[in-house]
Amino acid sequence: MTIASYVFLIIGGLFYLLGGLGVLRMPDTFNRIQAGTKATTLGAFSILIGVALANPVWSWISKIIIIIVFIIISNPIGSSAIAKATYNSKNIPDNLVQDALKERGEE
Amino acid sequence: MKYVTTFVTLLLIYLLLAGFTVNEVILGSIVSAILTIILVKYTDFRINWKFPIKLLKFLFIYIPVFIWKLILANLDVARRVLSPKIPLNPGIVKVKTELKGDLGKLTLANSITLTPGTLSIDVEDQYIFVHTVDVKGKSDVENTANIAGPFEKILGGIFD
């Protein structure tokens, strides 16, 4: 049980590391948001599962379930809000091959 | 009916956080009752007899697919981040959805955000605007099938 918990914690840490690297290496805002959102969501899951396995009693597990549910709801909504704000602030990267939002404005 | 569902939801969250003891149930009921009176005009829980079936479908059909896609998305991010020259072909595409309810659209947009290479930016009526790392399809129909297809089918059976 302890070993499984360590494995989950290490996997979570690795995903966080990859997310951070992604934020550093990606060339524009939208791709940075993408890397950040996905890596932190699964990283948080993995770390929370690791914590639950480290001490599997009901009072911990119930709290962790609540935290996971809130993360699963709030993380993508937050990134969508940032992306929308980025777009509305006209801070649009010039490497887009297609821009449906712009076409919408012209119609 | 709205009062009851709001109250039960709040009490359940409270008890999961605080633990199931007699004291907590009493205090949780009081707190939930006060919060219910304040919050009830903002909530819109409509629960009917189909709800348990929908919940089971959600838990056992949607969640596994979602977790699998989330893992794929992370491997995809890892591959892109670790390759020396980041492979990118980004664009914003329009995805059409058949889902009518707000909750259904929210779940679909969240799922799109957490699947490989896509990030939903805005929702407008029946369209979701999605930023993708790699634009594959030529037309909106093709993009819709690629991005929303797998979730649309599952969520269509759960939400209106």
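The values are calculated or read from the model by the stated rules, or taken from the named source; none is laboratory data. This structure is a prediction, so every number in the text was calculated from the model and none was measured. Heads up, the Cβs are rebuilt from the backbone with ideal geometry, glycines too, and the neighbour counts pull from every protein chain shown.
Could you figure out which of (1) surrounded by fewer than 16 Cβ atoms within 10 Å (Cβ to Cβ); (2) of a type in the set (Phe, Trp, Tyr); (3) within 11 Å of chain B (Cβ to nearest Cβ) isn't true of A:Tyr6?
For A:Tyr6, the failing item is (3).
In the range A:11-30, which residues are part of a helix (DSSP H, G or I) and in contact (Cβ under 8 Å) with a residue 40 or more places away in the chain? Show your work before the answer.
Kept after step one, since they are part of a helix (DSSP H, G or I), are these residues of the range A:11-30: A:11-25, A:29-30.
Across the range A:11-30, the qualifying residues are A:Thr29, A:Phe30.
Answer with yes or no whether B:Ala73 is at negative phi, free of Cβ contacts under 8 Å to residues at least 12 places away in the same chain and assigned by TED's automatic domain parsing to the domain that holds B:Gly149. Quick ask: steps written out before the conclusion?
Working: at negative phi: yes; free of Cβ contacts under 8 Å to residues at least 12 places away in the same chain: no; assigned by TED's automatic domain parsing to the domain that holds B:Gly149: yes.
Taking the combined requirement at face value, the residue does not satisfy it.
Could you check B:Ser83 against (1) more than 29 Å from A:Ile33 (Cβ to Cβ); (2) of a type in the set (Ser, Thr, Tyr); (3) within 14 Å of another protein chain (Cβ to nearest Cβ) and say which number it fails?
(1)
Can you go through A:Ser59, A:Ser74 and tell me which one is surrounded by fewer than 18 Cβ atoms within 10 Å (Cβ to Cβ), more than 14 Å from the chain's Cα centre (by Cα), part of a helix (DSSP H, G or I) and not charged (D, E, K, R)? Walk me through it before giving the result.
Numbers: A:Ser74 fails: more than 14 Å from the chain's Cα centre (by Cα).
None of the other options fit; the residue is A:Ser59.
Search the range B:120-153 for residues being among the aliphatic types (A, V, I, L, M) and modelled with pLDDT under 75, and hand back the single one that is nearest to A:Thr86 (Cα to Cα). So that I can check it myself, show each step before the final result.
So in the range B:120-153, the residues among the aliphatic types (A, V, I, L, M) come out as B:121, B:123, B:128, B:130, B:133, B:135, B:141, B:145, B:147-148.
With the extra rule that they be modelled with pLDDT under 75, the set shrinks to B:135, B:141, B:145, B:147-148.
Working: B:Val135: 20, B:Val141: 26, B:Ala145: 27, B:Ile147: 22, B:Ala148: 23 Å.
So the residue we want is B:Val135.
So which residues in the range B:17-64 are among the hydroxyl-bearing types (Ser, Thr, Tyr) and modelled with pLDDT of 85 or more?
Here is the first cut: in the range B:17-64, the residues among the hydroxyl-bearing types (Ser, Thr, Tyr) are B:21, B:29, B:32, B:36, B:42-43, B:62.
Scanning the range B:17-64 gives B:Ser29, B:Ser32, B:Thr36.
Can you list the helices (runs of 4 or more DSSP H) lying wholly within the range B:1-73 that have 3 or more residues being under 22 Å from A:Lys63 (Cβ atoms) and under 24 Å from the mean Cα position of the chain (by Cα)?
Working: elements: B:2-18, B:22-39, B:51-57.
Ranges flagged: B:2-18.
Are any of the residues in the range B:87-99 within 8 Å of chain A (Cβ to nearest Cβ), in a loop (DSSP other than H, G, I, E, B) and closer than 26 Å to A:Ser80 by Cα? Write out each step before concluding.
Of the residues in the range B:87-99, the ones within 8 Å of chain A (Cβ to nearest Cβ) are B:88-94.
Next, only the ones that are in a loop (DSSP other than H, G, I, E, B) stay: B:88, B:90.
Retained after the next criterion (residues that are closer than 26 Å to A:Ser80 by Cα): B:88, B:90.
Yes, there is a match, as at least one residue in the range B:87-99 is within 8 Å of chain A (Cβ to nearest Cβ), in a loop (DSSP other than H, G, I, E, B) and closer than 26 Å to A:Ser80 by Cα.
Among the numbered conditions (1) buried (at least 18 other Cβ atoms within 10 Å of the Cβ); (2) modelled with pLDDT under 70; (3) part of a loop (DSSP other than H, G, I, E, B), tell me where B:Pro116 comes up short.
Failed condition: (2).
What is the one condition in (1) away from chain B (no Cβ under 13 Å); (2) within 20 Å of B:Val130 (Cα to Cα) that A:Ala35 does not satisfy?
Of (1) away from chain B (no Cβ under 13 Å); (2) within 20 Å of B:Val130 (Cα to Cα), only one is false for A:Ala35: (1).
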